[in-house]
Structure formats: structure tokens, C-alpha cells
Amino acid sequence: MKLLKSRKFWDALLAVLFVAAGSYLVYRLYAFRFLPDKYLYMIILILVLLALIFILMIFAKVKEWIQWIKRVLIVLLCIGLTFAAVTIGNVESSTRKITAAETIGYTNIHVVVRNDSGIDAIADLSDKKVLIQDGNDKEYGEYVKKKITASKKAKDVTFEEKLDYSTMISDLLNEKCDAIVITDAAYQTLGQSIAAVKSDTGIIQTYKKKKTITANGSEKDIRYETFTIFITGNEGTGDINTDNNSDVNMLLIVNPLAAHVEMISIPRDSFVPNPALGNRNDKLTHTGSSGSENTVTAIEQLFGIDVDFYLKLNFSSVIEIVDALDGIDIDIPLDFCEQDENRSFAQEDLICLSKGEQRIDGREALAYARHRHSYVDQDLSRNQAQQRVFQAIVKRMLHIGNVGKIEKLMDIATRLCATNMPIEQVTNFISYQLDHPQEWTFSSISLNNGYSDMLATASMGSALPLSVYLLNKDDIQAVIDRYQELCELMNFSTFAFDLNNLEKDRVYVSSDYNFLWAGDNTSQWEAVVNEETILPDTPTQTPSEPSEPTTPTQPSEPSTGGNEETTAPSEPDEGNTETDPSTPDTSQTVQP
């Protein structure tokens, strides 16, 4: 009892707690390794000196009020050190989840019927005819066929194979079948091009097919070497691991020594070979429906350079990150209205912004980054808007007032972001930048010298030509040249050149793939895809030339596709979604 009443006992206990809290902080800092060693040693030295002072004061004869100040200070320091250690531990845990080498991905596959068919559930498909694809997505049709058969909810279902989705949706709308099996990405694309898909069809069941994704990033030392990051923004909200069309495609070339980032936004409608479909030409956005890894490969083929790392986002990512930063500052170039994140064009759901500098929230930032119909050049101006949003987010993140929001941002990133950059690379880069602070600069290269055309795509077939963007070969060459410049820092001690061949080290646009450039003859490519295609009976919507508005306007169609229905919800509820519980049966590996 005397010991408990002793002043020295409580002072010693406080000193022990301080040492424990300080040791825990040092452990967390050492484990995460984002802090330069010299700063870590300084923190250790300060903590040791404070601990010695507190211990010596236990035995020193000092005034009582000084002892009380010391005790209050120790308590506050213990609380602060413990909070900092826990925060760092949470950030480290979140970072490890985001940078996990292996993740589980999903593809959503819908069973779609006509709204007037009277079919409301799988059980209603007894004695009905269901179409499944026998082309690019055959595995998904077979998967759903097995699921329906195994469930025994519907009896005597007739499954018939068709080559492409456009033929299948045509048969459904013309009452030549009762239901079709289609991926979410294809359903959205068809809904954007064929009005009746949105108004006359609905989803009765969604299945989720699982796959394991092994994403191996580059082994470059990104503290000193130029590296690339591909940012892919998928359509949709919610689970970041669900495959969908790639709505945002931005390549960053980062030179850490020069503290410079070169930004290249690639139009979503760019006509490029789709690796997942035998490198037949397709819209770049459609490559995302086969996984972000497939889009990365398409980008590598386009520019002929390795994509060292990728960062995957979706609509929810942008909204929550911007809101966590209390908004971003943007100079809006014109008045416009845009659909919301759920692709709703209902008057009460429209997001409208006025011209001028302003701070916008997450939903407004997403609307600005997606809007294109008010611009004369549509996709190209939208690409510039996406770059402005990216720069504004980075600027807000680097603001000293947002340091306390790191843990919240990491929580969002854990749920709504994915990357293949190893955690060691992340911490090494942060550590180097803290040790060598410098102001970063940004510039961009525009791919704006191509033009749009209506062509058949590998994912939809010749039955349904879509609006595509034919890239200009010189624009691609400009990106390759800039990449070489940022990679090859000139060493004047060994500088030399050959007057007879000044461009001997220049890398040129690849001719290894079936690229169709602006100015090329498109009929030759169409002749290849036109084999085995059927023209659908359903009329399609052909986009008209946009004009620049002077007042807020409501877009005439979604910029990324949608699946709103009149009598059936476009997104099935939880009870109507089945997930494959078995071991993943497909595997993809990214090797930059």
C-alpha cells in the first residue's frame, strides 16, 4: 500500500509507459520503412533523451508543480505516440492489402429477358429457349448454363449458341428466344447503342464468375529510374475487383529525379487490338471487360513500352477520395449537366455545374471527368478534364492540412483501389521523396490528331458498328519519343552522336500488331470481321455531330453506357446474385 502511495512509483510507471509508447512507434516506423533512416534515428535519439530526463526527474529534487507538468506532458506524449503508431500500423496494413500480389476478380454475367415476357426468375425459364454466346465469351455462357442446370429451378431449358451478342439481343427483342446470357460490359455497350435494350429488357439474375489475378509489377528502383503507371478507371460502383469497361485510360511517365510527370490520356474509344480477343481491333474501353490486365497489355502494344505498374479505380473511388479531401478546386470551362454515378438521367438525379472556378465534391468531380457531349471534340476535351481532376486530387493530397486524413484515404484505397506496385516500392519512393523534397511538375501529350469513324469491333461484331477513334500514328510516336527522353538522362561525359545517323537510337511505333491508324483503309479490316455475322433487326442509335451549348444541357445518351429498365431493375438485388464459390478456374498474370 505504501508503494502505491509513493510518488516515485507513479512517476516510474509513467516513465515506463512513455518508453513503451515510444518503442511501439519506433517499431511501426521501422516495419513500414517509409521514413528515411536519418529521420528515424533522430526520432529515436529524441525519445531516448526524453526518457532519460523523465527518469532522472524521478530522483531529482524539483518543485512539485514542475513534477505535475512533467506528468501531464508524459501522459500527452504517450497518447500522441500511441495514436501515431496505431495510425502508421493501419496505413501499413491498408497498403499491403492494396498492393497484394494476388487478388480475386469477378465478371458479372446477366440473364436478360424482355420486360413483357412474364419471366421474373430462373424458375420461369422451364421449357424456354435461352441463347448463350459461342464466340469470345463462350466460357461465360457455359458457366451460367451449368449454374442453371445444377440449380434444378428450371426444367427442360433449351440452350442455343450464337456467335455474338448483337445477334443474341436482336433475337431477344424480335421474340425469337426467351432469354439471353450476357456479360455486364456487353449489356451496357448494347444499351448505349440500341434504345430498345434499355427500355424493353431487364435482368432477372446475375452470376459472378471468379478468377485469380496475379499482378507482378516492375522491379525498377523507382527512386532513381523513370517508370510508368497506367491509371484505369472502370465503369460502375462498388467492388473494385469486378471487371468492366475501362472508362478512364491515363498513362503516367514519371521521372523521380526531375520530379516530373508526363500525362497521356488515351481516348476510351481508341481502336486498338484487343489481346483477349486474338488482337482483333476493338474499342479500348472494351478491353477492360476482360480485366485490367488485358487493358494494360493493349496499352503496352500500342506504345511499345512496358507498363511498370497500374492503378485501378472506379466511380466509387473518385467520389469517396474527393469527398475525403473536402473537395477539389477546378475551373469548369462551360455550363453542363451530366448523369449521376448510377447512370440516371432523371431530372432530380442530374448533376449540373456552372462555368468558373469552384470547389466541387466527389459526385461533381466524377460528372466533370465523365462529361463529353457539350464539347465539340467530345472525348478529347473529356481527357483534358480527367487530367485536371487528377492534378487537383494530387494537389489536395499534398496539402499540409490533409495530413490527418491519410488513414481515411487509405481505408478508401483498401476498398476501392488496386495496384500491382509492391509495398517495398511504395515505401522506398515515399522515403526518397521525404529525404529529397522538391516541387513536382506536370505536362501532357494530347492524342488529338485522329478522328472518329463507325466500324465493327471485335467484341460486338460487324452486325453492330460502333463509334471508334482512329489514333494518329504521329501522336503515338510523340509519346514514345517523350518516354525515351525521360528515361535517358544525358550524361555529357560520355555524350556522342553519329552525324550520318542522328536517329539510330530512336524507337519507332510498332508494326507487330494489326493497328488501324487514322488515314488507313478501313475496308480491309472490316472484310475480315464481316465473316459469319448477322445484321440485327433492331434499329441502332447513330451519334450525331455535337454542337457547343451556351446553356446547361442534358446529354442525349450516357457517356459510358447504362442498363436502366422500365419494369425490371438494371442491377439485381443481393438475393438475385450468385457468386461462384469454387476454386477460381481462370488465372491471369501480368508481366511488364
Past the 19 angstrom mark, what percentage of all C-alpha to C-alpha distances in the stretch 213-356 do you count? 61
If you wrap a convex hull around the C-alpha atoms of the stretch 27-175 and split its volume per residue, what is the figure in Å³? 230
Under the 0.36 nm per residue contour assumption, what length would be gained going from the current alpha-carbon distance of K145 and V48 to full extension? 28.2 nm
What are the ³J(HN,Hα) values, in whole Hz, obtained from phi via the Karplus relation 6.51 cos²θ - 1.76 cosθ + 1.60 with θ = phi - 60°, for each residue of the stretch 347-353 in sequence order, with x given for Gly and Pro? 3, 6, 9, 4, 10, 10, 10
Just order 308-315, 175-182 by mean Cβ neighbour count inside 10 Å, highest at the front, would you? 308-315, 175-182
Just in the stretch 361-465: which GluC sites (Glu not before Pro) are loop by DSSP and have at most 16 other Cβ atoms within 10 Å? E439
Measure of exposure for V507: accessible area at 1.4 Å probe, Å² rounded to 10, is 70
Taking the full set of protein chains and a 1.4 angstrom probe, give the accessible area of H110 in square angstrom, rounded to the nearest 10. 0
List the residues of the stretch 239-254 whose backbone N lies under 11 Å from a point placed 7 Å from the Cα of R482 along the Cα-to-Cβ direction. 251-254
FRET efficiency for D377 and K176, using Cβ-Cβ distance with R0 set to 30 Å, rounded to 0.05: 0.15
Expressed to one decimal in nm², the mean projection of the alpha carbon convex hull of the stretch 290-340 is 6.1
Highest to lowest packing among 340-350, 384-394, scored as the average C-beta count within 10 Å: 384-394, 340-350
Go through K198/K395; K162/K283; K129/K312; K152/K198; K153/K211; K208/K473 and tell me which ones have a Cα-Cα distance over 28 Å in this structure. K198/K395; K129/K312; K152/K198; K208/K473
Work out the FRET efficiency for Y513 and T82 from their Cβ-Cβ distance, taking R0 = 60 Å, and round it to the nearest 0.05. 0.60
Approximate shape of the stretch 125-177 as ellipsoid semi-axes (Cα gyration tensor, √5λ), whole Å, largest first: 19, 15, 6
Calculate the radius of gyration of the Cα atoms of the stretch 148-288 to one decimal place, then report Dmax, the largest Cα-Cα distance, as a whole number, both in Å. 20.1, 67
Place the peptides 192-200, 80-88 in order of packing, highest mean first, counting for every residue the other Cβ atoms within 10 Å and averaging per peptide. 192-200, 80-88
What trypsin sites (Lys or Arg not before Pro) does the stretch 20-91 have in DSSP loop regions with at most 13 other beta carbons within 10 Å? K61, K63
Using R₀ = 25 Å, calculate the FRET efficiency as 1/(1 + (r/R₀)^6) where r is the Cβ-Cβ separation of Y30 and I400; round to 0.05. 0.50
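The values are calculated or read from the model by the stated rules, or taken from the named source; none is laboratory data. No experiment lies behind these values; they were computed from the predicted model shown. Neighbour counts run over all protein chains shown; Cβ positions are idealised from the backbone, glycine included. Accessible surface is based on the protein model in full, side chains and every heavy atom, while ligands, DNA and RNA are left aside. Shrake-Rupley method; radii C 1.70, N 1.55, O 1.52, S 1.80 Å.
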